[in-house]
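The values are calculated or read from the model by the stated rules, or taken from the named source; none is laboratory data. Just so you know, these numbers come straight off a predicted model, no measurement behind them. No Cβ is skipped: glycine too gets one built from the backbone with ideal geometry, and neighbour counts run over all protein chains shown. For the accessible areas, the whole protein counts, side chains as well, though only heavy atoms, and no ligand, DNA or RNA atoms are used. Shrake-Rupley method; radii C 1.70, N 1.55, O 1.52, S 1.80 Å.
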Amino acid sequence: MLMNTFQELTDAVEKGNRKEAARLTQVLLDAGTAPLEIVESALVPAMSNVGEKFKNNQVFVPEMLIAARAMKEAMAIIQPLLTAAGIVPKYTAVIGTVQGDLHDIGKNLVAMMLKGANFNVIDVGINVPPEKFIAAARENNAQLVGLSALLTTTMPAMKTIVDAMRAAGLNNVKIMIGGAPITQQFANEIGADGYSPDAASAVDLAHKLVAA
Amino acid sequence: MWPEFASGRHGTLMPKFTTLAISDPAQLRFGVAPKPLNTRHGMSIGGGIVYPELNFTLPPMFVNETTLPEVKRQYREIIDGALHRAVELEAPGVVIEFETLPPMTENPSWGIDIAKILLDAMEKAHSQHGLKSVLRMTPNDTREMERPPVMRSGMLWERMLETFEGSAAAGAELLSIESVGGKEIHDEALMMGDLSAVLFSQCVMGVRDMRFLWTAIDKIARQYGVHCAGDTACGFGNTAMVLAEQKMIPRVFAAVVRAVSAVRTLVGYECGCVGPGKDCGYENVILKAITGFPMAMEGKTSACAHLSPLGNIAAATCDTWSNESVQNIKLLGGMAPTVYMEQLIYDCRLMNQSLADGRDAALLYQKWMVNSDAGLDPQAYILTPRSAIAIAQSIVSSPDDYTAGKNAALAAIALLAEGHKNGLVKISELELPWLDTMRETVEELPAAEGEFIDQMMGTVDTEKFVPKDYAL
Ligand code: B12
């Protein structure tokens, strides 16, 4: 019976049915299910299904965001329990758009997909100076920093950040970069650990980098 | 102190468009506008010739105090190379657009100095080789560098106006901007597929900012005897188009956003703009029908800057033909801006040859431009001369901007539904339900703007903008 409820919760999140997602989460909790199990066995699979459908052009972003909102609704119930039990997501990623650059649609999508994959995501926003990336990575013990740039005139800021992070001794923090003008070659040139062309593959890249 | 403006088009002191300048699809075509614009060098834009409009940008590099000499060298190299090619190919005239990069608007003297470099080279090409040219100056709308943006005062606003003023004084005859009023909530509206929020952003917030902004720019233009050319809903319509191109949002949704955006961009023409409308505003087709002013357009030859499904159809109504932007990098044929100058000139030669062969020849060429794109994408379909005029009509017969936005959306939805039914435009199965959803959304909206505002102020994220800057 509980197996069914897991499936129903996954479906509710996928369809973006917020009320139903909250209700089913409560049902599972009342039945004594561990909060983390709900996240891992129902919510993350839901977002990963939606991500998969999006990759295959079966849904659009609005459907994906509506699913993310439903997941958020469920997480609002689960998060306090996880926090109380001292359970934190395994990985933390800091993500932001580099100094001088205001483009954030792509960065927001990457952040949303990482959240869906149960990363703890610290979004430091747009027009972010190197110091702020470093401070956020330190304070949150991030394993990963994501940099976004859409202007050719702000691409060089990525190198500044990579250098500053290395100079600050954050050698174990992986850096991934993206944005329309960015290439793998550019990532290699500036010493970033990875590049990904879109939000869906950014999650695969993130997993690969933190596991390495 | 800036005057406060009423939100409706009617009942203000602004000229308003209540009828169409062009109501016959056969009159809505390239190279000819009912109200052409004459420049100091004697170009007549919209007067029977399509001119190339070149835009360019820097290769990957910082723009700061230290790099400034190199930045200036880059622009000198760009303009010298491009004008040289234009002279060799005997272009009948060229429009040069200088769209600044943000630091050049934040530090007005940088932007103005570069404008002078361009003007200098343009004057030289004119006196030495007789090449006619005109500079369109497009500072950045840097107000959005702060979040939430302060729209009506502050350092960023003042420096932006200073950049306009300095370049107008230096001889930039055409003033443009890609303004961002209302955009604070538009990206999210696009990502959520939320048409109500799109209407609120563009036809309530956007139009108010446009009135404020263009009244200020118009004052500068008058003072220096130059022209307000036009704005664009780039941050709105083209963001939607790029997202649709990446399969993030439905193409039919992006098409409707485009139709709505005409209402916002139109306000510039109510406040003194006389064209050519800015190149990346694909809504310019609709605006040409409404205003009769000449329009810049971009399509296949701007693929260097962004992809679009509008490569040919965009040229069907252009008066200047642009490449949007290209980096100053080396290609096999030469530096990219020079290469693009050549491409634009050849595109224009073909259009101008058809114009020279007479109306029927031009109309035949235009038919090919339109029909080769229109059936393949809803965003192209709503820009056929017939569709554009239908949308334009829905706008001018509306009593206020909010109603105009709703009606433009409904007109576009109806055109798409009818076009799909008659097999004239391809719409994917996945997208078809969106037509009904969008129509229902608009039909359920309140009739009165006041009621709509109350409703939306309760649902959009009001932290993202400064309501008083929109008189909200
Ligand atoms: C939308 C847009 C805007 C919007 C931005 C809205 C916003 N909130 O972001 C607005 C209108 C505000 C804007 C402003 C400007 N823009 Co703009 N803009 C664009 C446009 C059309 C689309 C960008 C976009 O959102 N794409 C959709 C998203 C989903 O895609 P994406 O960002 O590429 O992200 C995906 C991937 O790249 C990747 N990714 C992104 N980030 C990251 C990060 C990581 C870590 C990873 C792994 C992956 C990843 O995943 C994402 C999802 O799949 C581009 C055109 C283009 N070709 O990209 C121009 C473009 C980038 N802009 C350009 C310019 C010039 C400007 C302005 C200077 C224009 C002006 N006149 O003021 C200003 C600059 C302001 C500033 N200081 O940043 C130029 C840049 C030219 C150059 N020299 O580099 C472009 C290329 C347009 C052009 N052809 O001229 N712009």
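Among the residues of the range B:167-197, the ones that are farther than 24 Å from residue B:440 by Cβ and free of Cβ contacts under 8 Å to residues at least 12 places away in the same chain come to 0 in all. Regarding residue A:55, is this residue basic (Lys, Arg), more than 16 Å from the ligand (Cβ to nearest atom) and within 14 Å of chain B (Cβ to nearest Cβ)? Judged against the criteria, residue A:55 is not a match. Here residue A:191 fits the description: at pLDDT 95 or above and either surrounded by fewer than 21 Cβ atoms within 10 Å (Cβ to Cβ) or not hydrophobic (A, V, I, L, M, F, W, C) (or both).
To keep it simple, each residue is scored yes or no on (1) basic (Lys, Arg); (2) away from the ligand (no atom under 14 Å from the Cβ); (3) touching a His at 6+ places or on another chain (Cβ under 7 Å).
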| position | (1), (2), (3) |
| --- | --- |
| B:186 | no, no, no |
| B:201 | no, no, yes |
| B:206 | no, no, no |
| B:211 | yes, yes, no |
| B:215 | no, yes, no |
| B:221 | no, yes, yes |
| B:228 | no, yes, no |
| B:243 | no, no, no |
| B:246 | no, no, no |
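Within the set B:155, B:192, B:151, the sole residue that is away from the ligand (no atom under 13 Å from the Cβ) and modelled with pLDDT under 95 turns out to be B:192. Count of the range A:185-212 residues, restricted to those that are within 11 Å of the ligand (Cβ to nearest atom) and in a helix (DSSP H, G or I), is 10.
For the range A:21-41, the condition of being away from chain B (no Cβ under 14 Å), touching a residue at least 12 places away in the same chain (Cβ under 8 Å) and not in a helix (DSSP H, G or I) holds for at least one residue.
Every residue, every condition in (1) away from chain B (no Cβ under 14 Å); (2) in contact with a Ser or Thr (Cβ under 9 Å, 6 or more places away or on another chain); (3) near the ligand (Cβ under 7 Å from one of its atoms), yes or no:
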{"site": "A:172", "(1), (2), (3)": "yes, no, no"}
{"site": "A:176", "(1), (2), (3)": "yes, yes, yes"}
{"site": "A:179", "(1), (2), (3)": "no, yes, yes"}
{"site": "A:183", "(1), (2), (3)": "no, no, no"}
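Residues that are away from the ligand (no atom under 12 Å from the Cβ) and among the hydroxyl-bearing types (Ser, Thr, Tyr) within the range A:149-166 comprise just one, A:160. In this structure, does residue A:12 turn out to be part of a helix (DSSP H, G or I), of a type in the set (A, V, I, L, M) and within 14 Å of another protein chain (Cβ to nearest Cβ)? In short, no.
Scan the range A:117-130 and tell me whether some residue there is farther than 28 Å from residue B:141 by Cβ and within 14 Å of chain B (Cβ to nearest Cβ).
No; the residues of the range A:117-130 include none that is farther than 28 Å from residue B:141 by Cβ and within 14 Å of chain B (Cβ to nearest Cβ).
Residue count for the range A:102-148 satisfying the condition of being within 8 Å of the ligand (Cβ to nearest atom), assigned to a strand (DSSP E or B) and either open to solvent by less than 20 Å² (accessible area, probe 1.4 Å) or of a type in the set (Phe, Trp, Tyr) (or both): 3. Number of residues in the range A:58-101 that are more than 29 Å from residue B:105 (Cβ to Cβ), more than 13 Å from chain B (Cβ to nearest Cβ) and not in a helix (DSSP H, G or I) equals 10. From the list B:109, B:153, B:176, B:127, the one residue that fits, being hydroxyl-bearing (Ser, Thr, Tyr), more than 14 Å from chain A (Cβ to nearest Cβ) and surrounded by 24 or more Cβ atoms within 10 Å (Cβ to Cβ), is B:176. When restricted to residues that are over 20 Å from the mean Cα position of the chain (by Cα) and either open to solvent by less than 50 Å² (accessible area, probe 1.4 Å) or more than 14 Å from the ligand (Cβ to nearest atom) (or both), the range B:50-63 contains 4.
Conditions (1) farther than 13 Å from residue B:206 by Cβ; (2) within 16 Å of the ligand (Cβ to nearest atom); (3) among the small types (Gly, Ala, Ser), marked per residue:
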residue	(1), (2), (3)
B:240	yes, yes, yes
B:254	yes, yes, yes
B:257	no, yes, no
B:275	yes, no, yes
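Cβ-Cβ distances below 6 Å connect the following pairs, each with a first residue in the range A:147-168 that is farther than 20 Å from residue A:108 by Cα, a second residue that is more than 14 Å from the ligand (Cβ to nearest atom) and not in a helix (DSSP H, G or I), and a separation of six or more residues or different chains: A:162/A:191.
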